[in-house]
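Structure first, then comments.
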Amino acid sequence: MRANYKMLKVFAGLSNRPLAREICQFLDIPLGEVEIIEFKNENLFVKIAENVRECDVFVIQTSTSPVNTRLIEMLLMIDALKHASAARITAVLPYFPYVRSDKKDQPRISIAARLMADLLDAAGADRILTMNLHSFQIQGFFRMPADHLLATPVLIDYFRKTDLENTVVVAPDAGSAKRAEKYATLLDLPMAIVDKRRIGNQDHAVAKHIIGEVKGKRALIFDDEISTGGSLVNTADILAEQGVTDIRAGVIHPVLCGEAVERIQNSNISEVIVTNTIPVEGEKKIDKIKVLSVAKMFAKAINRIHNGESVSVLFSPFENF
Ligand code: R5P
């Protein structure tokens with residue numbers, strides 16, 4: 001342990017306590033006590049319920065519904081920890097808030113993901129630990145050190161153990177082609193790209209054509225997140241039209257909002273593999289959606305950051321993925 005920090009402590013907001021508890025199990029420490037209340041006027045009250053003076057503190061909060069409330073909760077927790085004299089605070093964001101708003105691609109809009117980085121900074125975070133950002137450039141939004149984990153090895157490990165005979169990796173849009181190409185290389189499979197067009201600012205996107213050989217093959221679609229499920233199901237529809245016989249998907253962040261689960265349930269996709277960066281609970285739990293845990297990876301990263309060790313070894317050989 002580094003001499004200047006007394007103790008490693010982990011706290012979590014209300015967004016993904018199962019993941020936080022699993023991380024703590026790997027670290028063999030209890031999850032820190034915190035009191036969170038929402039008043040009738042929708043203001044939040046956060047109280048760290050144990051001593052954190054001179055501690056090395058990690059606060060886990062993912063971006064899930066209600067997104068804006070969970071964000072404020074995270075900022076209040078960081079602020080409370082700062083004022084409680086924590087020596088160092090690392091904001092752990094398995095799914096980063098507003099991650100898709102990472103560029104000014106229209107006039108008079110906010111680059112919200114950068115604003116989120118500034119807010120975390122202003123609240124008092126000293127470091128960031130996150131996973132599979134929508135684009136690698138987002139790392140440049142942080143003025144503080146940011147460690148960007150990749151859950152990709154978890155997905156690769158799962159699919160390598162399945163039957164990949166006659167399979168093609170499919171990128172659901174041109175933007176994800178580079179990522180899909182890496183999956184294809186690691187799984188030693190050919191790849192195809194779907195020409196998808198997003199209509200205006202709506203969540204709705206339409207798959208148009210396919211670049212690459214898919215007829216008579218089985219497909220493995222890779223994406224960074226499933227939000228409304230539109231991209232995924234559209235991609236599956238066009239693949240089925242082109243004579244694909246079996247369709248599976250691997251996605252890091254199961255945002256699963258709107259009618260996503262119903263869409264997946266009624267689609268021709270046989271299996272969707274996701275991770276637990278966002279909890280898949282209640283009605284979202286269907287047989288077709290299988291959840292893999294990234295808790296061990298986060299626990300290892302937290303341990304390494306705490307001990308001042310390299311974190312990059314965790315995603316090797318996936319650097320620049
Ligand atoms: C888009 O750029 C992303 O990589 C995903 O394809 C997208 O966020 C999925 O959204 P939806 O499920 O709403 O189509």
Residues (under 16 Å from the mean Cα position of the chain (by Cα) and open to solvent by 10 Å² or more (accessible area, probe 1.4 Å)) located in the stretch 290-309: LYS290, VAL291, LEU292, SER293, LYS296, MET297
Of everything in the stretch 215-226 that's free of Cβ contacts under 8 Å to residues at least 60 places away in the same chain and near the ligand (Cβ under 6 Å from one of its atoms), which residue is surrounded by the fewest Cβ atoms within 10 Å (Cβ to Cβ)? ASP223
Selection within the stretch 229-268 - part of a helix (DSSP H, G or I), more than 10 Å from the ligand (Cβ to nearest atom) and open to solvent by 20 Å² or more (accessible area, probe 1.4 Å): ASP237, ALA240, GLU241, VAL261, GLU262, GLN265
Quick count over the stretch 249-268, residues being touching a Leu at 6+ places or on another chain (Cβ under 7 Å) and in contact (Cβ under 8 Å) with a residue 40 or more places away in the chain, is 1
Test: residue in the stretch 95-108 that is touching a strand residue (DSSP E or B) at 6+ places or on another chain (Cβ under 9 Å), among the charged types (D, E, K, R) and open to solvent by less than 70 Å² (accessible area, probe 1.4 Å): no
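The values are calculated or read from the model by the stated rules, or taken from the named source; none is laboratory data. This is a predicted model, so every value here is computed, not measured. Cβ atoms come from the backbone with ideal geometry, glycine included; neighbour counts cover every protein chain shown. These accessible areas exclude ligands, DNA and RNA; they are computed on the full protein's heavy atoms, side chains included. Shrake-Rupley method; radii C 1.70, N 1.55, O 1.52, S 1.80 Å.
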